[in-house]
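Asker: Have a look at this one.
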Amino acid sequence: MLRKLRDKLPKRRSADVFDTYVSTVPRLQNAVDAIGDWRCAFPPHCDVSAGEVPAYDDARIRWAIDCFGSLEGRSVLELAPGEAGHSFLLESAGARVDAIEPSRAGFIRCLVAKEVMRLSRTRFRLGDLDGFLRETDARYDLVVACEALHRFADPLASVALLARRADAVFIHSQITGTAPLSRRDLIETLREAGFSDIREAERGHSSAVSIFARK
C-alpha cells in the first residue's frame, strides 16, 4: 500500500541540464557550457569561453598577497570563492587553499573551474560560512573574505570569527556609510579583534573598501 502511494507522488527531478547528454567530443568547454551564466573569465591559457571579469588576475588579491608576503606552503581559508578565480591566484602564489562556498550553483562552478584551471592544492566545500567558522578548529595563515561579509547575518560579528581562525585577514566589502557596515566600524572591529597592523588599499571612486589586517 505504501509503495503504491509513494509511486503516485511527483518525482523530484534535478535541473534539466543534468538530464541531458552531450553529443560533442569531450572538451573543457562542454563543462563550462553545462552550467552557464558565468560572470568571470578563465586565464587565456585555459582556452575556454565563460564570463568577462578577469578574476584570475584581480588586483585586490595581488595587493593582499603583497601585504602578507610569500604564500609558498601557507594555508589560506577563502570564503565565498564564487567561480574560483581568486583561488587560482592564491594557489599560483604557492598557497594551500580551503574554499567554503555557500551557494550550490557557485560550488558547482568552482568544481568545474578547478578542472579547467587544473587546481591541485585547492579544496572546495559547500556549506554555511558562519556555521563553518563557529564549528571548525582549523587554523590558517590567512583568511580571504572578498565580497563575503554580506553573506553573514551580522557582518561585523563575523570579523571576530575570522580572528579566531587566523592572524592575518584580507577583507573586501561594499561600504554603506551607515549600519550594518561602515568603514569606520569595520576598522574598529578589527582592532577590537586583536589586529594591530591594518592597511587599507586606495579606494579611488569605489564605494568598497579593501583592508589587510595582521595581529
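Asker: Find the accessible area per residue for the chain; the probe is 1.4 Å, ligands and nucleic acids are left out, and the unit is Å².
Answerer: Counting only protein heavy atoms, the per-residue value for the chain is 57 Å².
Asker: Moving on to the next point. Which whole number in µm²/s is D for the chain by Stokes-Einstein, with the Kirkwood Rh taken over Cα pairs at 4 °C and 1.567 mPa s?
Answerer: My calculation gives 69 µm²/s for D.
Asker: Between Arg39 and Asp185, how high is the FRET efficiency from 1/(1 + (r/R0)^6) when r is the Cβ-Cβ distance and R₀ = 25 Å? Nearest 0.05.
Answerer: Result of the calculation: an efficiency of 0.30.
Asker: Quick check on the chain: helices-only [θ] at 222 nm, where DSSP H runs of length 4 and up contribute -39,500 (n - 2.57) each and the sum goes over total residues. Nearest 500, please.
Answerer: Dividing the helical sum by the residues of the chain leaves -10000 deg cm²/dmol.
Asker: Can you list the equivalent-ellipsoid semi-axes of segment 90-215, largest first and in whole Å, using the square root of 5 times each Cα gyration tensor eigenvalue?
Answerer: 25, 16, 15
Asker: So, one more: For Cα pairs less than 8 Å apart in space and 6+ apart in sequence, what is the mean separation divided by the residue count of segment 84-203, i.e. the relative contact order in percent?
Answerer: It comes to 19 percent, rounded to a whole number.
Asker: For the chain, what does the relative contact order come out to in percent, with C-alpha contacts under 8 Å and a separation of six or more?
Answerer: 14
Asker: For the peptides 187-194, 104-111, what is the packing order when you average, over each peptide's residues, the other Cβ atoms within 10 Å and list the highest mean first?
Answerer: So the peptides 187-194, 104-111, ranked by packing, come out 104-111, 187-194.
Asker: Taking a 1.4 Å probe, which of Val25, Val48, Val32 shows the most accessible area, and what order do the others take after it?
Answerer: Accessible-area ranking of Val25, Val48, Val32, largest first: Val25, Val48, Val32.
Asker: Determine the share of the chain's accessible area contributed by carbon and sulfur atoms, expressed in whole percent, with a 1.4 angstrom probe.
Answerer: 49
Asker: Quick one: what Rg and Dmax do you get for segment 62-137 from the alpha carbons, in Å?
Answerer: Over segment 62-137's Cα set, Rg and Dmax evaluate to 12.1, 33 Å.
The values are calculated or read from the model by the stated rules, or taken from the named source; none is laboratory data. Since this is a predicted model, take the numbers as computed values, not measurements. Positions of Cβ are generated from backbone atoms using ideal geometry, with glycine treated the same way; all protein chains shown enter the neighbour counts. Areas reflect the complete protein model, heavy atoms only, side chains present, ligands, DNA and RNA absent. Shrake-Rupley method; radii C 1.70, N 1.55, O 1.52, S 1.80 Å.
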